[in-house]
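Worksheet for the structure shown next.
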Ligand SMILES: C[S@@+](CC[C@H](N)C(=O)[O-])C[C@H]1O[C@@H](n2cnc3c(N)ncnc32)[C@H](O)[C@@H]1O
Ligand SMILES: [Zn+2]
């Protein structure tokens, strides 16, 4: 399979690298000392940018890619592309743990070649080499693969900042049905301090709201959804992961053929500072954006609440952050592999995936509410998180923790009712 994968693609082998990347004759890179290990795969980060804190994001990618490989109903070789590979740890894990037939590891920095080659060499050597290394700008590499009609099953782009230039090229170089693992570390845009850059990168105008890190994920998915629509495709998020360190926003989306309607899950989120309620609005409701608390204040919709109290962000992804069925399979696989209940870098995959599964309840609207906000609006001490969730569920609402905010809940319960429930818990009603 590996040989046929190599034959099917114009991977740059040391003998066939495109000019001007033809390497000068050099001694074989000595495998660097193994100083790190992730789930049993050893490697050396060398001088590359590497964070052990990001291992959970790599675990999630490996689980998703494995499920995708197992589900693939085709004899075609399973191909992965790690477009900004650093030391190559992801490429290595796609080979060793996902069982990819071929992995392409790319990093713009040629200085990283010895460390990437050293790490991948340890896994397998010629003649059955199942990997290739290149040093191109990611967008150029992805565009070249597309022009050669070479499509990948999984493309992982572990970029810095809010770079979104690669998204269209990555979608073009992906097989229909394939998985694209997107990244943003642009927390300034997510928090509403970089509206111009979020507008240019993702087409979304973001202002500060109390759930910025979920907005960061939705901005990224929305940007990809828009790019997919331009190409006549649509995407669905399999999972969305916010990691506090960094911070890093990561989303695994699946590419599907056809445009869909393009707007059912793409629109605006409105947050009212007066009452704390959030709501989504579609494009057809632009111009009618207000908050129900206006009626309660003046008894009429004519005089709306102070316009400064309403914050509108978007357009962005307003649909589900995750796919429940897929996440459930990821959790089963993590359990099967003994990854679920270990704690690595302070993260339990079981807990993380359980929370994400709860968050994927389609009844839950975008956003989360922090307990301290509930407490301050209800004028009570913070209710215990678990008690509040259970009470809201007893009232018939969907409610759960958020994997993004440790002290926050997601619920479809209107804020007013949520405050009453908090007061009841504190026996104030
Ligand atoms: C966040 S680090 C990658 C870390 C690595 N993926 C990991 O999991 O440990 C980003 C890498 O992208 C590379 N890079 C930055 N801009 C790039 C570009 N336009 N094309 C390709 N690589 C790029 C950098 O040299 C850096 O090694
Ligand atoms: Zn309001």
What number of residues in the range 62-104 are within 11 Å of ligand 1 (Cβ to nearest atom) and either outside the structural domain of residue 182 (by TED's automatic domain parsing) or over 20 Å from the mean Cα position of the chain (by Cα) (or both)? 2
Expected output for the range 312-330 (first residue in the same structural domain as residue 400 (by TED's automatic domain parsing) and closer than 21 Å to residue 270 by Cα, partner modelled with pLDDT under 95 and buried (at least 24 other Cβ atoms within 10 Å of the Cβ), Cβ below 6 Å, 6+ apart or cross-chain) is none
Restricted to the range 274-290, and to residues that are farther than 27 Å from residue 234 by Cβ and under 28 Å from the mean Cα position of the chain (by Cα), which residue is surrounded by the most Cβ atoms within 10 Å (Cβ to Cβ)? 276
Which residue is modelled with the lowest pLDDT, if the candidates are limited to the range 294-337 and must be within 13 Å of ligand 2 (Cβ to nearest atom) and buried (at least 20 other Cβ atoms within 10 Å of the Cβ)? 305
Single unsatisfied condition, residue 369 versus (1) more than 16 Å from ligand 2 (Cβ to nearest atom); (2) buried (at least 21 other Cβ atoms within 10 Å of the Cβ): (1)
Just give me the residues in the range 180-195 being surrounded by 19 or more Cβ atoms within 10 Å (Cβ to Cβ) and either touching a residue at least 40 places away in the same chain (Cβ under 8 Å) or under 14 Å from the mean Cα position of the chain (by Cα) (or both), in sequence order. 180, 181, 182, 183, 184, 185, 186, 187, 190
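May I ask you to say which residue of 100, 96, 108 is surrounded by fewer than 24 Cβ atoms within 10 Å (Cβ to Cβ), outside any helix (DSSP H, G or I) and without any contact (Cβ under 8 Å) to a residue 60 or more places away in the chain?
108
The values are calculated or read from the model by the stated rules, or taken from the named source; none is laboratory data. Please read these numbers as outputs of a predicted model, since none were measured by experiment. Note that each Cβ is placed from the backbone with ideal geometry, even for glycine, and that neighbours are counted across all protein chains shown.
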